[in-house]
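Here is the structure we will look at.
The values are calculated or read from the model by the stated rules, or taken from the named source; none is laboratory data. Not measured: the values here are computed from a predicted model. In this analysis, Cβ positions are derived from the backbone assuming ideal geometry, glycine residues included, and neighbour counts consider all displayed protein chains. These area figures cover heavy atoms from the full protein model, side chains too; ligands, DNA and RNA do not enter into them. Shrake-Rupley method; radii C 1.70, N 1.55, O 1.52, S 1.80 Å.
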Amino acid sequence: MKQHAARNARAVGRIVGISLAVSLLVCAHAADAQDEPATRILDREPFDRITLDAANGNTVLDVLSLTPQDRAAVTSLKPGAKIRIRLLAQTDKEFELAVSSIAKEGNLPKVIFFEQFILHEADQLVMQGKTDAAFEYIDFLLKKYPNTAGLEQLLQAYLYTDAGLQFRAQRYDEALAILEELYSQNPEYRSTAQVLGTVADKVIEGNVGGQNYTAARKLIARIDQQYREQQQAVVTKWQQQLTQMAAAKRDEARRFLDAEQSRAARDASQQMMDIWPAIEGAAELFAEISRRYPLMVVGVTQPALSDDPRRIDNWAARRTGRLTERLLFEFIGYGPEGGQYACPLGTLETSEDGLQLTLRLRRSGTGSDPTSINGYDISRRLLASADPSSAEYQPAWSQLMAGVRVQDVMEVQIDLRRPHVLPPALMQMRLEPAPGVAADQAGFGPYVLQERTETETRFIRNARFTAGTTAQRTEIEERYFADPRDAVEALRRGEIDALDRIPAHQTERLQSDASLFVGQYELPTVHLLVPNTKNSHLANRTFRRALVYGINREAILNAIVLRGVSAAGSRVVSGPFPAGDGQNEALAYAYDETILPRPYDPQLAFTLIQLAEQELAAVAEKKGEKPPPRPTFVLGHPADDTIRAACDAIVKQLEPIGIQCTLKELPSGVTADPSGECDLLYVEAAMWEPAVDARRLLAADGIVKSEDPYVGLALRQLDVAKNWRDARLRLHELHRMTHSEVTVIPLWQTVNHFAARTTLRGVASRPVAFYQDVEQWQVAPRPLQE
Amino acid sequence: MLCKQTATAALAWSLLVLSAGTSGAQSVWEYSSYDVRVWVALAPAPELTERLQQDVERAIAQQAEVVFAAAWDAKVAAAAPKMHSEMIAALDLITVEEVTAADENALRGDKLYLVVINADPLGFSVRARELDCATHTWGRVIERRVRQPAHIPNESFLAVAEAFSPLVRIEKTKEKIAVARLRAGGLIVRDESPALISPGDVLRPIVRTNDRLGQPRGIQPIPWTFLRVNSRRAAELECDIHSGLRSPISTRGGRRTENFALGVHPADQPTELKLQARGTESQPLAGYEIYSQNLETSDAELLGLTDWRGTISVPPTEQRLRVLYVKNGGQLLARLPLVPGLEPQQTATVADDAQRLEAEGVVTSLQNSFMDTVAQRQVMAVRIRKRITEKKLDEADKLLAEMRTLPTQYDYSRMLDQQRQRFNSADRNTQAKIDVLFTDTRLAVSKYLDPSLIDGLTRELSQAKNQAAATP
């Protein structure tokens, strides 16, 4: 019964969730809900039916439910007793009725109490197979009249009928749950035991057919434990079948192992363990293969088409960039004053006046290796980043660096024109192979790309990479899931070892799974709409403000992104920088909390659109041109389930204020729109170090390509900030300016989580990037699951 | 020394006679040849012989006669010993003073060409550089590469011809038009003569101020100013003046002031334009917008923004002359005519506009917020009146209370005052612009955030409440 109630509660929750979302999204005025006509007995005022004796003409009286005292007097046929009644047809008047005037049926008074009406109605509904409707009646009786005679039988009949209905609808899981409840109440009820076996067989068959062997094994174990005597046949049948299947995979894995076909052996052994890990030799074989060919499978919902650890607008490229590339300085977390950076090659010292940096490279792991990096290689990278003709040119670094010189091959001294708050943030430069070494043979990351298909990307160990590694590094396979629900299920089933992003509403569920470990990324991502200012409407700041007022960001965040789940740190933002998450406020140094997000105000949005178009018309008139017609805007977004739903909601919200949008989904893994076809582009930005990322996002050559002179000035002033106080002030100024100019349409920030099986060891609990400590990761052989 | 015979002098004389209506000075200017001197220096190398020196001198003189005809009277000679080694070592660094020290009469003519021939492992280089004597202006070094020594004489002349810049004298100006007269223009009889100037050519004006003896007291190229030839009638040129200055050329400077202009021959290279702040020592102006105007259509296109060094690369165009506009946040700060390739780098001094732009950003931000408030008030006023009409007075009350929480005229005035205190510029012009920004915004605030709107709504609501109370 509990399970059934939970099912109904879930259904109700889903409906409420959907209707809430719909009402919020389309910004429509909700029509007044019409009350259902109160024809059901359940909805009527409780009443009892009293039949008087022949002396009183066998009159039937429908009266308001008797008080407990009067009820007791009636049922006991107390001689000389009188009861007070109110006729349903005339409730404002009370009458006295002698108990002796009530007709008798045998020794009982001829009275039908309200609960008996309900019981009868429920019974009828059950017989008609209307179990959903009957549930309300039964639930009512259980709560209000639990001692009603016949209720227990009705409940069992209801469960039996409902199980049959679920079975016919092929909802075997639910049928089984209902039958188990019925069995617990009355094992003898009709053919419950037999039916339970049949349904369990179907459920296991479904699990096996869907390759959800873990669930199948768990069910077999439970059936065996709880109903061994009655269900021996089912248990034996499936134990044998799964054992045979696992044995076939075991033999297959052995053959592949002998043939040194590592990948096939690994896949076969994985399947063997998944199907029936208890078969003879399975654990040893799996351990052997894991030892010889360690592999970690990572589920991803955004495939990486390229690897670039510095991309702030492409989560996937940034993720895999950590595998294939190392940077001269890498962001590893936050300290009291902005980001903390580590150099994988050595250590950095800063002079007291902040005008000289000394980078000392470690000698280990270099030697005669032609791919090793020395001070001259580093100096070339530093100079290239300051050279306007170089592809690696960084204006901010060029502005900062005065000169570079190498001492004793392994020491690089860098002179700065002025002190800077975070020089390493500007030194996140790619390490290039030494001259004469082919790039594909000299990757500086711990992994090199082996194969990239639409659904899988495989990375193998980089034999040349030695820094900070453990002896046993696994190979990594990234498996793409278009639907995050499939990815979560794959993780639960053990098909993948980790999932780099999990939907917010799944976090709690996965945290409760003892076989999984859920971690939170150290830093949130900021979600934005980037306007294409080549569109004359979007070039108008008043129009851009109208868009902000016209999008109910709070509702979309709560109803669609978070699905009603409370997630500390996920919130609507007023600018492009990360705000505090309640735990680590240091990361919010660029965010000015006094600048509040604009509220949802569709009327104001509508008014501002009219104002903006007046401005556009005035400009056009000056030029002797016609005012630009309001176009249908193209909203581009990455191929992501949640983002797709959020963009769909945005389109629906803008429609009532007169803004038509069409959605354009970018190809899987693509996050940019270099062709400029999109008028608005959804960007999820990892603005982890606003002091330097602000330029990457907002500058004329950045992601936003802003030509706004005020923003440009604020960026230049930020570039020359000499201390943290100054930098913070400049960033707050930039926040204020981007808020005022709506350089981007800020949506919200989300704190993000990942999940991994507990067999994956060495994963930090709050990493910055998914593969941050990948060199330390180890996949332990999976324990046998029963 | 080879000297061109003065046969052309007769022609000049006859033309002078024919042009009886013109003044004597004008006739001399127009109908006398350029007095051209060419100094040739060969580097000490076995292949560069005395014979070759003679061949070079002869070739230059002979070909000048053919190509320039009467327009040139060229005297070609070996470089004076004092100049020889200087020319070979650093042709591009030689100064006017060094030239006059070597030969005190060197500047008596119109043009002096220094020609240097050098040998290197890849062959020979011929380099030539012009010194315009009237304006003391050096041209850029023209270099030609030669593999065969036999080609050196011919290439030497070609280098000299390429280095040649026609000279004009500006006779009068009116608004944006200048009338100029081409030196030796009356002697040029062939359209293909390199001494000729044609419509579309670009000239760089130079002012020369003389002392009583006619010696130059000051020679100054007019900055950020060029002439673009519109039309030519014989030796008379009509030119558009493109300048970053208001009155770049004055023809009323007296008899001792002469306005010349030299034809420009830029290299096919970009020029790096650098903006630096006026009044400060090399403070670069980063992020300023540089627009380039198309001289034919007058349309302007954004060339780019100056980088952190305050520089931007200006590539050459077919029109040679580019008129650049410097803007910051839409504010026009300077007009800079420039010929890319004429100089590798040019520095312009422009007012530092950062403070004004920052003030404009702050004011714009307040204006945006102010506009939203005005719109919100209007929207709420409509909604309140609708509620009053619908007799939903409680709702109207709530909305009115909400409306009262919106920023008021006083709030915006206070914010404007606070922000205004942040911006104090030492530059009067900048401060004036900043003051205008704040004053205009304050006026708008007074006009559009009229407190009487709320007062009026309060009265309307109060009346409606009274009516409702009076109705049984």
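Below, the figures for the structure above:
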{"item": "Filtered residues of segment A:472-529 (kept if hydroxyl-bearing (Ser, Thr, Tyr), open to solvent by less than 10 Å² (accessible area, probe 1.4 Å) and closer than 30 Å to A:Asp693 by Cβ)", "result": "A:Tyr521, A:Thr525"}
{"item": "Candidates A:Ala539, A:Ala559, filtered to the one that is hydrophobic (A, V, I, L, M, F, W, C), farther than 23 Å from A:Arg766 by Cβ and more than 14 Å from chain B (Cβ to nearest Cβ)", "result": "A:Ala559"}
{"item": "Residue list for segment A:319-368, restricted to those being open to solvent by 60 Å² or more (accessible area, probe 1.4 Å) and in contact with a Gly (Cβ under 6 Å, 6 or more places away or on another chain)", "result": "A:Gln340, A:Arg360, A:Arg362"}
{"item": "Of all residues in segment A:374-415 being within 14 Å of chain B (Cβ to nearest Cβ) and in a strand (DSSP E or B), the one that is farthest from A:Asp719 (Cα to Cα)", "result": "A:Ala402"}
{"item": "Segment B:319-330 residues that are away from chain A (no Cβ under 14 Å) and over 18 Å from A:Asp708 (Cα atoms), paired with ones that are among the charged types (D, E, K, R) and open to solvent by 20 Å² or more (accessible area, probe 1.4 Å) (beta carbon under 7 Å, 6 or more apart)", "result": "B:Leu321/B:Arg228; B:Val323/B:Arg335"}
{"item": "Tabulated pairs, segment B:365-377, first under 16 Å from B:Ser452 (Cα atoms), second among the polar types (S, T, N, Q) and assigned to a helix (DSSP H, G or I), C-beta under 8 angstrom, 6+ apart or interchain", "result": "B:Ala375/A:Thr607"}
{"item": "Which listed residue is more than 29 Å from A:Glu593 (Cβ to Cβ) and open to solvent by less than 10 Å² (accessible area, probe 1.4 Å), from A:Val774, A:Val744, A:Val768", "result": "A:Val774"}
{"item": "Within segment B:121-135, considering residues that are surrounded by fewer than 19 Cβ atoms within 10 Å (Cβ to Cβ) and at pLDDT 90 or above, the one farthest from the chain's Cα centre (by Cα)", "result": "B:Gly123"}
{"item": "Which listed residue, of B:Leu275, B:Leu227, B:Leu245, is in a loop (DSSP other than H, G, I, E, B) and on the phi < 0 side of the Ramachandran plot", "result": "B:Leu245"}
{"item": "Test result for B:Leu342, within 21 Å of B:Ile241 (Cβ to Cβ), in contact with a Leu (Cβ under 7 Å, 6 or more places away or on another chain), modelled with pLDDT of 90 or more and away from chain A (no Cβ under 14 Å)", "result": "no"}
{"item": "Hits in segment A:588-617 - residues which are under 19 Å from A:Arg736 (Cβ atoms) and away from chain B (no Cβ under 14 Å)", "result": "A:Ala588, A:Tyr589, A:Ala590, A:Tyr591, A:Glu593"}
{"item": "Among (1) over 22 Å from B:Gly263 (Cβ atoms); (2) in contact (Cβ under 8 Å) with a residue 60 or more places away in the chain; (3) in a helix (DSSP H, G or I); (4) open to solvent by 10 Å² or more (accessible area, probe 1.4 Å) - the single one B:Ala90 does not satisfy", "result": "(2)"}
{"item": "Residue match in segment A:710-724 (condition: more than 18 Å from A:Pro395 (Cα to Cα), more than 14 Å from chain B (Cβ to nearest Cβ), open to solvent by 40 Å² or more (accessible area, probe 1.4 Å) and more than 29 Å from the chain's Cα centre (by Cα))", "result": "yes"}
{"item": "Tabulated pairs, segment A:639-657, first farther than 14 Å from A:Ile560 by Cα, second outside any helix (DSSP H, G or I) and of a type in the set (Asp, Glu), C-beta under 8 angstrom, 6+ apart or interchain", "result": "A:Ala639/A:Glu665"}
{"item": "Helices (runs of 4 or more DSSP H) (entirely within segment A:38-147) containing at least 3 residues that are among the acidic types (Asp, Glu)", "result": "A:114-127, A:131-144"}
{"item": "Residue match in segment A:644-654 (condition: open to solvent by 40 Å² or more (accessible area, probe 1.4 Å), out of contact with any helix residue (DSSP H, G or I) (no Cβ under 8 Å at 6 or more places or on another chain) and farther than 30 Å from A:Thr455 by Cα)", "result": "no"}
{"item": "Flag for A:Ala586 being closer than 30 Å to A:Trp724 by Cβ, in a helix (DSSP H, G or I) and among the small types (Gly, Ala, Ser)", "result": "yes"}
{"item": "Counted residues, segment B:437-472 - those being open to solvent by less than 50 Å² (accessible area, probe 1.4 Å) and in a loop (DSSP other than H, G, I, E, B)", "result": "1"}
{"item": "Filter result for the condition that a residue is more than 10 Å from chain A (Cβ to nearest Cβ), in contact with a helix residue (DSSP H, G or I) (Cβ under 9 Å, 6 or more places away or on another chain) and more than 18 Å from B:Gly279 (Cβ to Cβ), over B:Ala375, B:Ala381", "result": "B:Ala381"}
{"item": "Residue, nearest to the other protein chains (Cβ to nearest Cβ), within segment B:345-354, restricted to residues that are within 15 Å of B:Gly279 (Cα to Cα) and open to solvent by 10 Å² or more (accessible area, probe 1.4 Å)", "result": "B:Ala354"}
{"item": "Residue, modelled with the highest pLDDT, within segment A:620-631, restricted to residues that are of a type outside the set (Lys, Arg), open to solvent by 80 Å² or more (accessible area, probe 1.4 Å) and assigned to a loop (DSSP other than H, G, I, E, B)", "result": "A:Pro629"}
{"item": "Residues within segment A:564-589 that are surrounded by fewer than 19 Cβ atoms within 10 Å (Cβ to Cβ) and modelled with pLDDT of 90 or more, tallied", "result": "0"}
{"item": "Lone qualifier among A:Ala467, A:Ala487 - being among the small types (Gly, Ala, Ser) and modelled with pLDDT under 90", "result": "A:Ala467"}
{"item": "Selected residue (only one of B:Leu227, B:Leu275, B:Leu295 is surrounded by 21 or more Cβ atoms within 10 Å (Cβ to Cβ) and either more than 14 Å from chain A (Cβ to nearest Cβ) or without any contact (Cβ under 8 Å) to a residue 40 or more places away in the chain (or both))", "result": "B:Leu227"}
{"item": "Segment B:199-224, residues that are over 21 Å from the mean Cα position of the chain (by Cα) and of a type outside the set (Asp, Glu)", "result": "B:Thr209, B:Asn210, B:Arg212, B:Leu213, B:Gly214, B:Gln215, B:Pro216, B:Arg217, B:Gly218"}
{"item": "B:Arg217 vs. criteria within 19 Å of B:Cys133 (Cα to Cα), open to solvent by 50 Å² or more (accessible area, probe 1.4 Å) and among the charged types (D, E, K, R)", "result": "yes"}
{"item": "Exclusive hit being under 46 Å from the mean Cα position of the chain (by Cα) and β-branched (Val, Ile, Thr), set A:Ile102, A:Ile118", "result": "A:Ile118"}
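Yes or no, residue by residue, for (1) of a type in the set (Val, Ile, Thr); (2) modelled with pLDDT of 90 or more; (3) surrounded by 19 or more Cβ atoms within 10 Å (Cβ to Cβ):
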{"residue": "B:Gly361", "(1), (2), (3)": "no, yes, yes"}
{"residue": "B:Val374", "(1), (2), (3)": "yes, yes, yes"}
{"residue": "B:Asp411", "(1), (2), (3)": "no, yes, no"}
{"residue": "B:Arg422", "(1), (2), (3)": "no, no, no"}
{"residue": "B:Asp435", "(1), (2), (3)": "no, yes, no"}
